[in-house]
Amino acid sequence: MMSLELLLKDYTLQIVALGSAVLGAVSGVLGSFAVLRKQSLLGDAVSHAALPGIAFVFLITGIKNTEMLLLGALISGLIGTFMIIIIDQYTRIKFDSALGLTLSSFFGLGLVLLTYIQKLPNSNQAGLEHFIFGQASTLLKRDVFIMIGLGVIILLVVALFWKELKLFSFDPQFGKSIGFSNVKINVILSSITVVAIIIGLQSVGVILMSALLVAPGVAARQWTDKLSMMVILAALFGIFSGVLGTLISSLVDNMPTGPVIVVVISLIVFFSLFFASNRGIFWRHIKHGKNKRNINDSRVLINLYELALNHKDVYHPHKTEVINLTNNKDKGNANVIKRLLYLCEKGYAKRDYFDTWSITDKGIKKAKSIIDNQGGESL
Amino acid sequence: MQKHVIEVEDMTVAYEEKPVLWDIDINIPKGVLMAIVGPNGAGKSTLIKAMLNLVKPISGKVLFNGLSYECQRRYIGYVPQRGSVDWDFPTSVLDVVLMGTYGKIGWIKRPGKKEKEKSLDAIKKVGMEEFVDRQISQLSGGQQQRVFLARALVQDADIYFMDEPFQGVDAKTERAIINILKELRLRGKTVIVVHHDLQTVKEYFDWVALLNTKLIQYGKVDEVFTDENLRITYGSTDRVLKGEV
Ligand SMILES: Nc1ncnc2c1ncn2[C@@H]1O[C@H](COP(=O)(O)OP(=O)(O)OP(=O)(O)O)[C@@H](O)[C@H]1O
Ligand SMILES: [Mg+2]
């Protein structure tokens, strides 16, 4: 609760949290498309590619002006993106190799430059390393306003091209065949993704930015089968982890923000993977078990019904072994008895004497309707 | 004036160094229902994609009613191979069918009531009205195929290209689909279908193209769908390329 108090009182923290919220929302929205287009790794490459740009700008200007540094990041991020596209288009190197190549070469160059900068007799360089893991507390009010401005632009672009983004995420070939240019959509989507990455560099850093881009989309996908819902949920997850991560990291001295945000969003992902209502592993398991039991109940009832039909007296009792149609006598019988007891409880069957059972009128009616519905009716 | 609605001239396509399509020339008259037949990897899908400008040919040109694809694409419908998309995508049947109207709507504008009605009509036509709001991940293969067909129907095109529309559908759905295709032909549309079942070619189609990298033969089914031509088509690709066919 201490953090909540802190948030309510501390104006600077509010500003920083606001910035993280915008970042989370934008990442969630764009990440949803990245996940659906199976291009999660593109963001990874682009964010790593931003690092040398930051170092270069500092080397040239010698001062730590955020806008200039981010401009450098933007330029080298874009160069990285185009490098990937060109390698993919014009060489025989596959897309994922092109990503790996760009990511490691740019990031390596960035690290070399940063190490060199550390050795310079310039007191300004302190804090540049924050771009690696992110430090939201270094955000100034002005930075946050820039983030909000860019964030709003990104969201507007997504809203404007919603139909095209959907079409291209689902079926790009068809989209092309009806006259929408692949290149245009790709340029639009890549540019806003690069911008989103740039606005995340200060608070999340180059290494983990891609996690923030991908994770909310993955988590949201578990909860819904509707694109608009998925995008909104992803934005909410992004906002939540952005704000919470920022608060936690500001409570602990020198705790980088990026890793904390990523831990929070990862927890959301794990929770979603297990517990999401329709796709989560946990519920799927339970639902599956329930279905199986239900179908077994029906089958036992149908067996009983068919036995009754084959007998002069429909209410004639039958032994469990006769009702059990599985090969396994011991385990099968125990199971069938369980099912039969359940049927008795519901009034579909009656226990006669020890383990002999007969069907009731209600059971006959139910069995008929189950057969009519081809098993589609539950007990 | 134009006698042929589709004219393909000198088309050669290669993804890597070996050509996948070699010097294809086809002229297809208006109002035919034509099958493209050939073994796996013969280049059937590639031929369609090259005609629709989805892959860039090394050489050759394609004319639709005398003009280029770019000019005529509003009048051309396309059913891709079902496996070409991820059916786990979070969207509904209606949404996918609506995509067929996007081409006429153009950039940025959204489909309205008129488009929605058209899509619902097409969905009904393919017998999927029960599934309008169903998530596409919960469809069977045959149902997916019908969704793609409905999406092409809303395109309201004059020429249709369909890549294996019968793949993985049961006999009943196959009959439903072929009836729709025959109705399109009755309305003067030209329909080009990649087809795998040689048994039904004679029954379903009036024209056929036999393809194995080269175009072996094409024309009226009665004339070109012969055992001899089939033997050549389904023989080895190398022989087709080397031997004079
Ligand atoms: N994107 C691609 N990159 C490289 N090679 C490709 C590509 N697409 C297809 N090929 C190759 O081109 C050849 C023709 O492929 P195509 O998909 O046109 O065959 P097809 O006749 O449609 O086969 P199928 O009956 O299996 O659908 C194949 O050998 C295939 O391996
Ligand atoms: Mg094919």
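Since every read-out is calculated from the coordinates, none of them should be taken as a lab result. The structure presented is a predicted model; accordingly, all values stated were derived computationally and were not measured. Heads up, the Cβs are rebuilt from the backbone with ideal geometry, glycines too, and the neighbour counts pull from every protein chain shown.
The largest-to-smallest principal axis extents of the Cα set in the stretch A:139-273 are 55, 36, 21 Å.
Using only side-chain charges placed at the Cβ, +1 for Lys and Arg and -1 for Asp and Glu, the dipole size of the protein assembly as shown relative to its Cα centre rounds to 1280 debye. Against the empirical curve 2.2 N^0.38 Å, the C-alpha radius of gyration of the stretch A:165-223 lands at a ratio of 1.38.
For the stretch A:230-295 versus the stretch A:333-358, the spacing of their alpha-carbon centroids is 44 Å. Going down the table (A:Lys166/B:Lys124; A:Lys64/A:Lys94; B:Lys56/B:Lys114; A:Lys38/B:Lys49; A:Lys94/B:Lys125; B:Lys109/B:Lys189), which pairs top 32 Å between alpha carbons? Going by Cα-Cα distance, A:Lys64/A:Lys94; B:Lys56/B:Lys114; A:Lys94/B:Lys125 fall outside the 32 Å limit.
Couplings for the stretch A:41-54, taken from phi via the Karplus curve 6.51 cos²θ - 1.76 cosθ + 1.60 with θ = phi - 60°, read 7, 4, x, 4, 5, 5, 5, 5, 5, 6, 4, x, x, 4 Hz in order; Gly and Pro are left as x. Report the antiparallel proportion of the DSSP beta bridges in the protein assembly as shown as a percent, rounded to a multiple of 5. Of all bridge pairs located within the protein assembly as shown, approximately 60 percent are antiparallel. Peptides B:178-185, A:261-268 ranked from most to least packed, by the mean per-residue count of other Cβ atoms within 10 Å: A:261-268, B:178-185. Shielding of peptide B:135-142 by partners, expressed as the average count of other chain Cβ atoms within 10 Å per residue Cβ, is 1.
Sequentially through the stretch A:15-21, phi angles give Karplus couplings (6.51, -1.76, 1.60; θ = phi - 60°) of 4, 4, 5, 4, x, 5, 5 Hz, Gly and Pro residues having no value and appearing as x. Per the Cα gyration tensor, the protein assembly as shown maps to an equivalent ellipsoid with semi-axes of 51, 44, 21 Å, ordered largest to smallest. According to the Cα-based calculation, Rg over Rh for the stretch A:2-277 is 0.97, with Rh computed by the Kirkwood formula. Max-minus-min Cα coordinates of the stretch B:1-109 on each principal axis give 41, 37, 27 Å, with the largest extent listed first.
What residue among A:Ser97, A:Gly53, A:Leu69 has its Cα farthest toward the positive end of the dipole of the stretch A:27-124, where the charges are +1 on Lys, Arg and -1 on Asp, Glu, each on the Cβ? With unit charges placed on the Cβ atoms, the residue in question is A:Ser97.
Between B:Lys30 and B:Ile108, the contour length at 0.36 nm per residue exceeds the alpha carbon distance by 24.7 nm. Look at the alpha carbon pairs under 8 Å that are at least 6 residues apart: their mean separation over the length of chain B gives a relative contact order of 26 percent. By the rule of a C-alpha distance below 29 Å, with chain neighbours fewer than 8 residues away ignored, the lysines paired with A:Lys290 are A:Lys226, A:Lys319, A:Lys329, A:Lys331, A:Lys338, A:Lys346, A:Lys350, A:Lys362, A:Lys365, A:Lys366, A:Lys368. For the stretch A:190-232, the fraction of C-alpha pairs more than 13 angstrom apart is 58%.
For the peptides A:86-93, A:113-120, residues were scored by their other Cβ atoms within 10 Å and the scores averaged per peptide; the highest-first order is A:113-120, A:86-93. On a per residue basis, the convex hull of the C-alpha atoms belonging to the stretch A:283-372 measures out at 103 Å³. Summarised in one figure, the compactness ratio Rg/Rh of the stretch B:47-105, Cα atoms and Kirkwood Rh, is 1.03. For the stretch A:283-372, the relative contact order comes to 32 percent (Cα pairs under 8 Å, sequence separation of at least 6). Considering all C-alpha pairs of chain B, those separated by over 29 Å amount to 29%. For the stretch A:163-177, 3J(HN,Hα) computed residue by residue from phi via the Karplus equation (6.51, -1.76, 1.60; θ = phi - 60°) reads 4, 5, 5, 4, 4, 6, 6, 8, 9, x, 4, 5, x, 5, 5 Hz, glycine and proline entered as x.
Once Rg and the Kirkwood radius are both taken over the C-alpha atoms of the stretch A:53-202, their ratio Rg/Rh works out to 1.04. Taking a straight Cα-Cα cut-off under 15 Å and skipping sequence neighbours fewer than 8 places away in the same chain, the aspartates and glutamates within cross-link reach of B:Lys118 are B:Asp95, B:Glu129, B:Asp156.
In the frame of its principal axes, the stretch A:218-308 has Cα extents of 77, 28, 13 Å, reported largest first. Averaged over peptide B:88-100, the number of partner chain Cβ atoms lying within 10 Å of each residue's Cβ comes to 5. Positive-end ranking of A:Phe271, A:Ala25, A:Leu13 along the dipole of the stretch A:2-277, with charges on Cβ about the Cα centre, is headed by A:Ala25. From the Cα gyration tensor of the stretch A:43-136, with a ≥ b ≥ c the square roots of its eigenvalues, which class applies: rounded if a/c is under 1.5, or else prolate if a/b is larger than b/c, or else oblate? The shape class here is prolate. Excluding same-chain neighbours fewer than eight residues apart, the lysines reachable from A:Lys9 by a Cα-Cα span under 18 Å are A:Lys141.
Of the peptides B:75-86, B:199-210, A:205-216, A:235-246, the ranking by mean beta-carbon count within 10 Å, highest at the top, reads A:205-216, A:235-246, B:75-86, B:199-210.
Only Cα pairs under 8 Å and 6+ residues apart enter the sum, and on that basis the relative contact order of chain A stands at 21 percent. Computed over the alpha carbons of the stretch A:108-159, Rg followed by Dmax gives 15.5, 48 Å.
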